[in-house]
Amino acid sequence: MTTADVHTLTGAYALDAVTDLERAAFTRHLAECPVCAGEVAEFHATAAKLALAVAASPGTRLRSRVLSEIAETRQLPPVSTFRPQEHRPWRTRAIIALAAVSAAAALVTGGIGIGALQSNPAPVTQIAEPAPEVFTVRASGTAGGSVAVTFSRQRGEAVVIAQALPALEAGHAYQVWLIGPRGAQSAGLLHTGSGTVTAALTADVDRIGITTEPATGSPHPTTPALARVSLT
């Protein structure tokens, strides 16, 4: 390419209508030729003015048309690497924000609509699930320490957290009880004064208690409750 040929590329370069080799060569030339640099700047300004001169605001019915097409066009699902675990703690699930996210972009030219972009159109309806109500109640132990219960009636789950309960004698454990009209149902064992028990929470359970039992557990409470928490 001769020097004269390079000078003729100012318009094409400004409109990005050159090859990669021509762009590289002309970029180097611009650093040495203020005349071409000035012409390129003028072409850029002219191109911008021409674009503004023919620009038009979208019609008032375009938004309605786009939203109508979205409702009838199957959306591709997001790619996810998440793998659900069989025993994911319910507290982790409860704090995950449930949201339905919808995004759409449309460019309608030459009679081409959004429906042409996807095949097998089908109505899509997204309903956001309301977050469950979660409550936490606390109580002090009769001999020291404390117990906190975080629960959700909607989820039907409860987490019992014991802290600094008195030290246990050998061969004993703390047993957590779900208490209601049917009596006391075991929810699990704590072998130290601090720990966590997760339990299914039925609608009729209105209290949770903790007693001292043999290390293997008991079918029903055999000692007075060291802590009792009301869920009402």
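Any read-out appearing in this document is the output of simple, stated calculations on the displayed coordinates, not a laboratory observation. Just so we're clear, the structure is a prediction, and the values are computed from it rather than from any experiment. Here Cβ is always computed from backbone atoms with ideal geometry, including for glycine, and neighbour counts include all displayed protein chains.
Simple spin-label estimate for His191 and Arg138 gives 2.9 nm between the two label positions (7 Å along the Cα-to-Cβ direction from each Cα). Modelled this way, with points 7 Å down the Cα-to-C-beta line, the labels at Ala167 and Ala25 are 8.9 nm from one another.
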